[in-house]
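Colleague: Here it is, the structure in full.
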Amino acid sequence: MPRGKAPKSKSGDPSQQTLDFAAMMLGDSLDVPVKKQSYSVSEITALLEEAIEEHPTLGGSVVVQGELSNVKRSSRGHVYFTLKDEGASIGGILWASTANRLNFDLEDGLEVYLTGRLEIYRPSGSYSIVGSRIEPVGVGALQLAFQQIKARLEAEGLFMEEFKKPLPEFPERVGIITSSTGAVIHDMLRVIRRKNPLVDVVLAPVKVQGEGASLEIAQAIRELNHAHYNLDVIILGRGGGSFEDLFCFSEEPAVRAVFESAVPIVTGIGHEPDYSLCDAAADYSASTPTAAADWAVPDIQAIVENHAILARDLLENMAELILYYEQTLDHNATRLVELHESCLESCGHKLEQRQERLLSQFNLAFQKQEQRLAEAAAVLDAYNPLATLARGYGVASDSQRKVIRSVRQVNAGDAITLRVSDGEIQCQVTGRQEV
């Protein structure tokens, strides 16, 4: 028998070959006279590899159920983990090409079905399963991914009401993100044109399902947020479909782009029962794409009618206001006249009182002045030279009308004037005599 090869049975059954090999190795305990033969570690490992490869169950793809633990991702994107149950554990590997296609996160404690092939790692003699597919137990992969994304983004506050932006009351430019084919875009445009043909529409065509759709949606949202589009609101829409079809609207790139949009976003994804995480992050979520278009764009006819009602109400209010102010003005004018008359009457009384007081003060002052004048007149009369002249005295003055007080002021022959009480006497000095 060649070294390193298990003995082959006549049946050719690989499992029987393994049993024969085991019997050879355990010949003493089985009382089988087998010659003992030594094997290297590499030979034993090679035999085990051969046995696994030729086994009808283990040699192909197997599905193993177990709980994940020690999940780690390498810098190259490969994922290493342990798959265990109550009695045993086995190593597992997902190469980066497989791991990058997963919609959900692998985490410790997650119960999964792992599909893959058993492989032995010769340097350590350990065996593991190299997975080609992995699915959560009890829930679909997309449903689990949905729950994980929702929990993560909800913890970050992306669905909180306080971050919702108000929708514009009268939008002039509307962006639409949806597929450029199909009935959805035509239905939305028909609603917008019927309600308000003055609104400008900017279409950003994207994939609305399948791989890469979420990234296209996120890129379209960021593109329509550029200032040169000058949009007032964005509608993100898609027709009905399965949970799998609508899953791209719950993937993280699209949901984050909806939350981060500076332009308000209205979603209309699927039909009434359908729900996506973009709906949760949007500023307003409608039940269908056409309902989203109907909600985002106001009815111009309703606006015109409402403006007519407002104009009528405004005119009625203005008429009532004018009547009110006319009545108020009349009332205030009447009161002003009354107050004016009252004020005039009060001022008249005060004026009369002041006139009486002034007249009384004037009379008193006049009497005082009259008395003082009489006293001054008496004093003046006492010193009046005319009174002295009336008693027989006279006042002499020279030709210059200077009073002559001394005989030395005149000479014989000078002409003088003598003033007496009733007139003047022209005299001539004949002589003088000093006393």
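Since every read-out is calculated from the coordinates, none of them should be taken as a lab result. Not measured: the values here are computed from a predicted model. Note that each Cβ is placed from the backbone with ideal geometry, even for glycine, and that neighbours are counted across all protein chains shown.
Colleague: Taking chymotrypsin sites (Phe, Trp or Tyr not before Pro) that fall in a DSSP loop and have at most 15 other Cβ atoms within 10 Å as cut points, what is the longest piece of the chain between them?
Modeller: Answer - 96-382.
Colleague: With volume of the Cα convex hull per residue in Å³ in mind, check [x] 171; [y] 548; [z] 209 and report the label derived from this structure.
Modeller: Computed from these coordinates, volume of the Cα convex hull per residue in Å³ corresponds to label [y].
Colleague: Sticking with this structure for a sec: Test of understanding: extend the Cα→C-beta vector of residue 194 to 7 Å, then name every residue of the stretch 285-313 with backbone N under 20 Å from that spot.
Modeller: 286-306
Colleague: What list of ³J(HN,Hα) values in whole Hz, one per residue of the stretch 160-171 in order, does the Karplus curve 6.51 cos²θ - 1.76 cosθ + 1.60 (θ = phi - 60°) give from phi, with Gly and Pro shown as x?
Modeller: With the stated coefficients, the stretch 160-171 comes to 6, 5, 5, 9, 6, 8, x, 7, x, 6, 10, x Hz.
Colleague: Same structure, new question: Rounded to the nearest 500, what is the chain's calculated 222 nm mean residue ellipticity when only DSSP H runs of at least 4 contribute -39500 (n - 2.57) each, over all residues?
Modeller: -14000 deg cm²/dmol
Colleague: Run the quick spin-label model on residue 74 and residue 126: label points 7 Å from Cα toward the beta carbon, then report their separation in nm to one decimal.
Modeller: Using points 7 Å along Cα→Cβ, the separation is 1.3 nm.
Colleague: Nothing charged except the Cβ atoms of Lys and Arg (+1) and of Asp and Glu (-1): what's the magnitude of the dipole of the chain about its Cα centre? Round to the nearest 20 debye.
Modeller: 2200 debye
Colleague: Among 77, 118, 180, whose Cα projects farthest towards the positive end of the dipole of the chain, with charges put on the beta-carbon of Lys, Arg (+1) and Asp, Glu (-1)?
Modeller: Most positive-ward Cα: 77.
Colleague: Hey, another quick one. Could you pull out every residue, at least 5 positions away or on a different chain, whose amide H is within less than 5 Å of the one on residue 419? Hs are placed 1.01 Å off N in the peptide plane, and Pro or chain starts have none.
Modeller: 395, 396, 397, 425
Colleague: As I understand it, the value is the acute angle between the Cα axis of helix 183-195 and the longest principal axis of the Cα atoms of the chain; what does it come to in degrees, rounded to 10?
Modeller: Roughly 20 degrees, rounded to the nearest 10.
Colleague: For the chain, modelled as a GNM with alpha-carbon contacts under 10 angstrom, which of 397, 38, 276 fluctuates the most?
Modeller: 397
Colleague: Here's another thing I want to ask about it. Once the Cβ-Cβ distance between residue 40 and residue 100 is put in as r, and R0 is 35 Å, what FRET efficiency do you end up with, to the nearest 0.05?
Modeller: The computed FRET efficiency comes out at 0.35.
Colleague: Can I ask one more? In the stretch 262-395, what is the volume of the convex hull around the alpha carbon atoms, normalised per residue and reported in Å³?
Modeller: Expressed per residue, the convex hull around the Cα atoms of the stretch 262-395 is 376 Å³.
Colleague: Of the GluC sites (Glu not before Pro) in the stretch 137-188, which ones lie in a loop per DSSP and count no more than 11 other C-beta atoms within 10 Å?
Modeller: Sites meeting the loop and neighbour criteria: 156, 169.
Colleague: With labels modelled as points extended 7 Å from the Cα through the Cβ direction, what inter-label distance (nm, one decimal) is found for residue 55 paired with residue 108?
Modeller: About 2.9 nm separates the two model spin labels.
Colleague: Follow-up. What is the distance, in nm, between label points placed 7 Å from the Cα along the Cα-to-Cβ direction at residue 340 and at residue 424?
Modeller: So the label points at residue 340 and residue 424 sit 7.0 nm apart.
Colleague: Here is a follow-up. For residue 162 and residue 244 in one chain, what is 0.36 nm times their gap in residues minus the Cα-Cα distance, to one decimal in nm?
Modeller: Gain on extension, residue 162 to residue 244, equals 26.5 nm.
Colleague: Next up: With the convex hull built on the Cα atoms of the stretch 157-211, state its orientation-averaged projected area in nm².
Modeller: Average projection, Cα convex hull of the stretch 157-211: 5.6 nm².
Colleague: Could you tell me what percent of the DSSP beta bridges with both partners in the chain are antiparallel, to the nearest 5?
Modeller: Restricted to the chain, the bridges split so that about 65 percent are antiparallel.
Colleague: Then there is this: Provide the FRET efficiency to the nearest 0.05 for the residue 320-residue 169 pair, computing r from the beta carbons and using R0 = 25 Å.
Modeller: E(calc), rounded to 0.05, equals 0.35.
Colleague: Under 15 Å from a label point 7 Å along Cα→Cβ of residue 299: give me every residue in the stretch 151-192 with its amide N that close.
Modeller: From the stretch 151-192, the list is 191-192.
Colleague: By how many degrees, between 0 and 90 and to the nearest 10, does the Cα long axis of helix 41-54 differ from the longest principal axis of the chain?
Modeller: It is inclined by approximately 90 degrees.
Colleague: Then there's this: What Rg and what Dmax come out for the stretch 170-298 when only alpha-carbon atoms are used, in angstroms?
Modeller: Expressed in Å, the Cα Rg and Dmax of the stretch 170-298 come to 12.9, 37.
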